[in-house]
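The values are calculated or read from the model by the stated rules, or taken from the named source; none is laboratory data. None of these values were measured; they are calculated from a predicted model. All Cβ positions, glycine included, derive from the backbone under ideal geometry; neighbour counts span all protein chains shown.
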Amino acid sequence: MVPKTTPKSLCSVSFLFLLLSVLFTLSLFLFFLSNTTHQPKPSSSPSLFSRTVTQLSSNSIKVYIADLPRSLNYGLLDKYWSFESDSRLGSQPDNEIRSTHLSGKLEYPPYPENPLIKQYSAEYWIMGDLMTPEELKTGSFARRVFNVEEADVVFVPFFATLSAEMQLGLAKGAFRKKVGNEDYERQREVVDFVKGTEAWKRSGGRDHVFVLTDPVAMWHVRAEISPAVLLVVDFGGWYRLDSKASNGSSSDMIQHTQVSLLKDVIVPYTNLLPRLHLSENRKRRTLLYFKGAKHRHRGGLIREKLWDLLVNEPGVIMEEGFPNATGKEQSIKGMRSSEFCLHPAGDTPTSCRLFDAIQSLCIPVIVSDNIELPFEGMVDYSDFSIFIAVSDALQPNWLASHLRSYSDKQKDRFRQKMAKVPAHFSI
């Protein structure tokens, strides 16, 4: 559904933001507690810690929106909609929006329906929630303040994902370079502005919040914003090639130190498939379903190995596919007719596939030895998902046999639990 564009409609956001607000609070609380407990310096941030404790007791979080120019958020959407199409996909839904909804300039343009971008759209909905007048909100713990001295956190309203994806769509070859890279120029503008403010200088950036849901968002300046609270879908994008150790020939990676479960928040992808209600569930005749690219690099090499093991297994469907209109319809059909949906790592540990499986009541089979998931303190994924060690999954015939061992009663229980989960994630 195309997002509406009036200020009133901006408050029509999911329960996601309630949870995000709570997690902002808890994350900051733990971070400041750690700093004030273990690094007691006169110039540390006791005032920040005190404000956080006060905020906790009042069950709300006061958010100041940094005064970035419109060109770095809604102005980017104006620019996006001025393009004819994304060269990588030519998204049909976006072309329809261009022709039917954008005859005049809008104050709050819609976010792209192009699935390559939509899956990372938390930046748009969080910004919309904060921009909505308080009297029009329902159930949001985030309260906007207009004096930075009153704020618990400073939200940096840069559509970092949209900026990165626009660069990838227009000139992918320039993405890792700085010269001729409009995304880098925008990143530089954001960082220079924010780091020049008194708010950043006072806290060292520890009370600033950036939304970096795309694994390549803010690619060139991540080290500079590392003290801030970062909203990410996982930590998989925070790697670099160890070229010295491998002579440039290996895909081994070293994890950056800029991200931490102590200060950062894992947030969900935006689901791409519609929700299936429990009352609509029908007989599922496929054991295990996966749709996506077979060949991935880095941590996603496990996917190719699983593919080769499972592609000829009876009751298992492994399909190559792309998130266009045809692929979406195939995924809806495949997930709704399958008992289990495979969730191996790709380029990064997670993907929107997990949340589409939840929407489809297809029991997620998460093949990973180390994965961080959104809101794990509030959502017990083991209630509706099956976690498989990589070593077990790669044993011939093991995975399909293991999944067949689950009784109908057990699978029904998984789906009943799963049916309650989308309220935490869906927009």
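ASP308 passes all but one of (1) farther than 25 Å from PHE414 by Cα; (2) modelled with pLDDT of 90 or more; (3) in contact with a strand residue (DSSP E or B) (Cβ under 6 Å, 6 or more places away or on another chain); (4) not hydroxyl-bearing (Ser, Thr, Tyr); which number fails?
(3)
Hey, among TYR120, TYR124, which residue is touching an Asp or Glu at 6+ places or on another chain (Cβ under 7 Å) and aromatic (Phe, Trp, Tyr)?
TYR120
Table: residues versus (1) modelled with pLDDT of 95 or more; (2) part of a loop (DSSP other than H, G, I, E, B).
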| residue | (1), (2) |
| --- | --- |
| GLN330 | no, no |
| LEU361 | yes, yes |
| VAL365 | yes, no |
| GLU376 | no, yes |
| PHE414 | yes, no |
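Can you name the residue in the range 374-397 that is surrounded by 18 or more Cβ atoms within 10 Å (Cβ to Cβ) and touching a residue at least 60 places away in the same chain (Cβ under 8 Å) and, of all such residues, is farthest from ALA345 (Cα to Cα)?
Within the range 374-397, the match that is farthest from ALA345 (Cα to Cα) is PHE375.
For the range 42-88, which positions are modelled with pLDDT under 90 and touching a Phe, Trp or Tyr at 6+ places or on another chain (Cβ under 8 Å)?
SER45, LEU48, PHE49, THR52, VAL53, LEU56, ASN59, SER60, listed by residue number.
Looking at the range 187-210 only, could you name the residues that are surrounded by fewer than 17 Cβ atoms within 10 Å (Cβ to Cβ) and either assigned to a strand (DSSP E or B) or touching a Leu at 6+ places or on another chain (Cβ under 8 Å) (or both)?
GLU189, the sole residue that qualifies.
For MET127, indicate whether it is touching a Pro at 6+ places or on another chain (Cβ under 6 Å), assigned to a helix (DSSP H, G or I) and not β-branched (Val, Ile, Thr).
Taking the combined requirement at face value, the residue satisfies it.
Listed residues ARG206, ARG144, ARG186, ARG176; which is more than 24 Å from VAL265 (Cα to Cα) and touching a residue at least 40 places away in the same chain (Cβ under 8 Å)?
On the way: ARG206 fails: more than 24 Å from VAL265 (Cα to Cα); ARG144 fails: more than 24 Å from VAL265 (Cα to Cα); ARG186 fails: more than 24 Å from VAL265 (Cα to Cα).
Answer to the selection: ARG176.
Among VAL190, VAL194, VAL233, which is the only one that is in the same structural domain as PRO112 (by TED's automatic domain parsing) and within 20 Å of the chain's Cα centre (by Cα)?
Among VAL190, VAL194, VAL233, only VAL233 is in the same structural domain as PRO112 (by TED's automatic domain parsing) and within 20 Å of the chain's Cα centre (by Cα).
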